[in-house]
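Just below is one structure, and these are the notes that go with it.
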Amino acid sequence: MKPRAIVLSGRGCAGKSTLAATLVARAGATLVRSKDLIIDRLPRTTRTSMAMRRAGERLDRETGGRWLAQALDKKLMNEASPALVVVDPIATPDQVRFLRQSGWSVTHVHLKASQEELARRLSTRLTNSNKSTSGEPAEDWGDKHVDVLERLADVVIDTDRCSESDVFARVVARIEVRPVTAFPIIDVLVGGQYGSEGKGNIAHYLAPEYDVLVRVGGPNAGHKVYRPGEDPYTFRQLPSGALGNRDAILVVGAGAVISLDTLLREIGDLAIPYDKLVIDPQAMIIDKAIDISWEEEHLKGQIGSTAQGIGSATARKILYRDPAKNVRLAGAVPELRHYIQDTIEFFAGCLSTGKKIMLEGTQGTSLSLHHGHYPHVTSRATTATACLAEAGLSARHVRRVVMVCRTYPIRVGVSITGNTSGFMSQEIQFKDIADRSGISLEELTKNEVGSVSNRPRRVAEFDWAQLRRSLLLNGPTDIFLTFADYFGVENREAYRYEQLNATTLRFIEEVEKVCGVPVSMISTAFNDRNIIDRRMW
């Protein structure tokens, strides 16, 4: 693949240095200043404008304009090849021509502005540096050939009429695969019931297949991951695949609600380095004194809320929209400053370079604020499209939507006041499952407690009507079935599909008939070899 270079031309104060700095900061470009290349060739040259101009003209005369391409090749020959170089500035058409001929893939960007605007910018620049100006733009090194360079450029941008971000958007589109037309590379993982479907361990299993792991939602959802020889780890803020793929970039999206204590504890527990975590500056921070205390008073007893402050914090973000009124976003938190990054631009880079993304939703479809059994719902929409919206990703780029379902759906247990946590169809007892499966009741009651609330869970028969509704809301391409051992403890010894017991095989066949999509994965137990993988992707 040819090395790529963006070369900049234009009069002084047209915006070349600003664009170069933006390409370095936002596109990961390596900046090469033509003045530095001149010093490399003619070390005695001083850095005054006149001296640089004369030295550049001398090199052009002696080499016919080849010197810049030669100097650039030499400078980068013994260094790790950068993905993108920005050269600031190019002064003559021959310099561009020979750089193209030397094997570089060149995008020539010419910036211009009106004489009045150039004079104003120069005046501002000199005033800030305590120098005087006559009101005329200073002649820059490349001004002599500026009209010819404008005619030859791949793109010409009038910076009178474009902001710095506008200029960047137009230039970066010339060098990247257009993010909006990129191939589908996003897989979305959502729960099809009331949460606690086992999404965490599924995300952990799938994580090595992805470059980027994204999570939305808040700390009211605990996703448990198996660790051989250790206690399971419960993720409440970070993506659950963080232990399964240490090389992946972790992302907490703009729609997430953050418990700062929980997030910092997870970062510390997992020793996440600065370059492996991206947090959007607009994610909302929970205020313990305001949000948690309000939910404990108003929601915990009434609807069985976990009272982690997510709903209250989200409401404040919507109602006040004013940092002066205790609305604190992630971008304003000093402890998070190393992780803060615009996730939209980050995702644009992922789409352009083909990095595979797994988006992990939290809770379950039937807890959705808009589509669940109100008022016993969570404070956000929990469908696949809602998760995409919270993360800042487009449905156009989705490859698979995976819906995770349990053999027996559960809900968090009754509240401390004895109020129910919401509707469940055909509720049963864990003793019924113990009798049917052969798993001891002691084991079931020990394991079936809320990972955040620590309250005993309620359980029900598989809800086919719920399945149909979740199918319509999420449009899954695959179903992942968990807790197959609840259909028979012998399933824990099944490592291939045909080893599952007859009850489970009949159930899977019926699910596929109702769904019209395959049951691509079956989880048979919570251990390091508990997944039967039937995927064709």
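The values are calculated or read from the model by the stated rules, or taken from the named source; none is laboratory data. Quantities reported herein were computed from a predicted structural model and do not represent experimental measurements. Note that we place each Cβ from the backbone using ideal geometry, even for glycine, and neighbour counts take in every protein chain shown.
The residues listed here are LEU351, LEU329; of these, the one that is among the hydrophobic types (A, V, I, L, M, F, W, C), within 25 Å of the chain's Cα centre (by Cα) and crowded, with 23+ Cβ neighbours inside 10 Å is LEU351. Is it fair to say LEU367 is assigned by TED's automatic domain parsing to the domain that holds SER425, surrounded by 14 or more Cβ atoms within 10 Å (Cβ to Cβ) and touching a Ser or Thr at 6+ places or on another chain (Cβ under 9 Å)? In short, yes. For the stretch 448-458, state whether one or more residues are outside any helix (DSSP H, G or I), free of Cβ contacts under 8 Å to residues at least 60 places away in the same chain and crowded, with 21+ Cβ neighbours inside 10 Å. Yes, some residue in the stretch 448-458 is outside any helix (DSSP H, G or I), free of Cβ contacts under 8 Å to residues at least 60 places away in the same chain and crowded, with 21+ Cβ neighbours inside 10 Å.
Could we say that VAL96 is in a helix (DSSP H, G or I), closer than 22 Å to ALA21 by Cα and under 39 Å from the mean Cα position of the chain (by Cα) here? Steps first, answer last, please.
Numbers: in a helix (DSSP H, G or I): yes; closer than 22 Å to ALA21 by Cα: yes; under 39 Å from the mean Cα position of the chain (by Cα): yes.
Spelling it out, VAL96 is indeed in a helix (DSSP H, G or I), closer than 22 Å to ALA21 by Cα and under 39 Å from the mean Cα position of the chain (by Cα).
Within the stretch 241-258, the residues that satisfy the criterion of being surrounded by 23 or more Cβ atoms within 10 Å (Cβ to Cβ) and more than 14 Å from the chain's Cα centre (by Cα) are VAL257, ILE258. Only one of the listed residues (SER105, SER81, SER114) is within 24 Å of ALA27 (Cα to Cα), polar (S, T, N, Q) and at pLDDT 90 or above. That residue is SER105. Total residues in the stretch 29-44 satisfying the condition of being outside any helix (DSSP H, G or I), surrounded by 15 or more Cβ atoms within 10 Å (Cβ to Cβ) and under 43 Å from the mean Cα position of the chain (by Cα): the figure is 4. In the stretch 9-21 there is no residue matching the filter, namely being in a helix (DSSP H, G or I) and over 26 Å from GLU345 (Cβ atoms).
Being closer than 26 Å to ASN474 by Cα and surrounded by 16 or more Cβ atoms within 10 Å (Cβ to Cβ) narrows it down to one residue among ILE357, ILE286, ILE340; which is it? Give the derivation first.
Working: ILE286 fails: closer than 26 Å to ASN474 by Cα; ILE340 fails: closer than 26 Å to ASN474 by Cα.
Result: ILE357 is the single residue among ILE357, ILE286, ILE340 that is closer than 26 Å to ASN474 by Cα and surrounded by 16 or more Cβ atoms within 10 Å (Cβ to Cβ).
Go over the candidates PHE430, PHE507 one by one and state the one that is over 20 Å from GLY413 (Cβ atoms) and either more than 34 Å from the chain's Cα centre (by Cα) or not assigned by TED's automatic domain parsing to the domain that holds GLN237 (or both). I'd like the intermediate steps shown before the answer.
Numbers: PHE430 fails: over 20 Å from GLY413 (Cβ atoms).
It is PHE507.
Here is a check on your reading of the model: is ALA91 at pLDDT 90 or above, surrounded by 18 or more Cβ atoms within 10 Å (Cβ to Cβ), within 38 Å of the chain's Cα centre (by Cα) and of a type outside the set (Asp, Glu)? Criteria not met by ALA91.
Taking residues in the stretch 214-228 that are free of Cβ contacts under 8 Å to residues at least 24 places away in the same chain, and partners anywhere that are in a loop (DSSP other than H, G, I, E, B), the pairs with Cβ atoms closer than 9 Å and at least 6 places apart or on different chains are ARG227/LEU243; ARG227/ASP528. Here SER425 fulfils each of the conditions (1) surrounded by fewer than 24 Cβ atoms within 10 Å (Cβ to Cβ); (2) among the polar types (S, T, N, Q); (3) within 23 Å of LEU206 (Cβ to Cβ) apart from (3). When each of ARG47, ARG54, ARG26, ARG61 is tested for being out of contact with any Pro (no Cβ under 6 Å at 6 or more places or on another chain), surrounded by fewer than 19 Cβ atoms within 10 Å (Cβ to Cβ) and either in contact (Cβ under 8 Å) with a residue 60 or more places away in the chain or outside the structural domain of HIS110 (by TED's automatic domain parsing) (or both), the lone residue that passes is ARG26.
Picking from residues in the stretch 146-167 that are under 27 Å from PHE98 (Cβ atoms) and of a type outside the set (Val, Ile, Thr), the one that is surrounded by the most Cβ atoms within 10 Å (Cβ to Cβ) is LEU149. Just name the residue that is modelled with the lowest pLDDT out of those in the stretch 222-257 that are of a type in the set (D, E, K, R) and in contact with a helix residue (DSSP H, G or I) (Cβ under 7 Å, 6 or more places away or on another chain). The selected residue is LYS224. Restricting the first member to the stretch 354-373 and to residues that are farther than 14 Å from SER196 by Cα, and the second to residues that are part of a loop (DSSP other than H, G, I, E, B) and acidic (Asp, Glu), the beta-carbon pairs closer than 9 Å and six or more apart or on different chains are GLY354/ASP211; LYS355/ASP211; LYS356/ASP211; ILE357/ASP211.
In the stretch 258-303, which residue that is among the polar types (S, T, N, Q) and within 29 Å of PHE423 (Cα to Cα) is modelled with the lowest pLDDT?
GLN302
Scanning the stretch 260-280 for residues that are surrounded by 23 or more Cβ atoms within 10 Å (Cβ to Cβ) and closer than 17 Å to ALA313 by Cα turns up LEU263, ASP280.
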